[in-house]
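The values are calculated or read from the model by the stated rules, or taken from the named source; none is laboratory data. Note that the structure is predicted; figures quoted are calculated from it, not measured. Note that each Cβ is placed from the backbone with ideal geometry, even for glycine, and that neighbours are counted across all protein chains shown.
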């Protein structure tokens, strides 16, 4: 059996976390966990039901009844509701905005944390998000924090939405990201910050393969049994 460590990748939107995490998971034969997908699911369903986020009792009842099925492997993180996969709808810009609204709520963060920890009970996973190395998995063997300039992150995020009929302007994307950064960094519950023991990588001028190579170098230092693994690019 291969190594069964926990690897976390934190950082703001557009820093390249998802791409790097998937490449690392494929290389290591680990599971890939996307905490953002769970927040998007909560935000999407709360909006669909016109839930009053200020009603603590209603929010708690909603979360208790929200029981998605999860399929995670080295290639992806898939969520299902009532037997239907909803991963694609969760990538829509409007859903991302709803996710940012619910992500500041402690009950929602507790709900997501509990599910991530359950999925990682046996180790062997690469998880990406904003508080994974500091709050969700402080015991993780290897931690990374990815960042990039706001301009670069906005361009990447806009590229993700290139198939939309009317993608937002670069200026609007940058403004929304900056606002999200402020909320994530200043929220009372699990604010986004750099884990003290994380390797910080500025991805502004790096492609995903270059970032993965830096990550693998650190992983090999901590988990020597991974020394012979070669990076997978697909």
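Tabulated data for the structure shown
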read-out: Residue within region 180-193 that is touching a residue at least 40 places away in the same chain (Cβ under 8 Å) and under 11 Å from residue 14 (Cβ atoms) present; value: yes
read-out: Residue 112 within 17 Å of the chain's Cα centre (by Cα), surrounded by fewer than 21 Cβ atoms within 10 Å (Cβ to Cβ) and at pLDDT 95 or above; value: no
read-out: Test: residue in region 61-71 that is under 23 Å from residue 185 (Cα atoms) and in contact (Cβ under 8 Å) with a residue 24 or more places away in the chain; value: no
read-out: Qualifying helices (runs of 4 or more DSSP H) (wholly inside region 132-234; at least 1 residues being more than 28 Å from residue 117 (Cα to Cα), under 16 Å from the mean Cα position of the chain (by Cα) and modelled with pLDDT of 90 or more); value: 150-160
read-out: Which listed residue, of 128, 64, 48, 69, is touching a strand residue (DSSP E or B) at 6+ places or on another chain (Cβ under 6 Å) and over 22 Å from residue 11 (Cβ atoms); value: 69
read-out: Scope region 83-112; condition touching a strand residue (DSSP E or B) at 6+ places or on another chain (Cβ under 9 Å) and either over 16 Å from residue 33 (Cβ atoms) or without any contact (Cβ under 8 Å) to a residue 24 or more places away in the chain (or both); matching residues; value: 83, 85, 86
read-out: Residue 117 assigned to a helix (DSSP H, G or I), surrounded by fewer than 17 Cβ atoms within 10 Å (Cβ to Cβ), in contact with a helix residue (DSSP H, G or I) (Cβ under 9 Å, 6 or more places away or on another chain) and touching a residue at least 40 places away in the same chain (Cβ under 8 Å); value: no
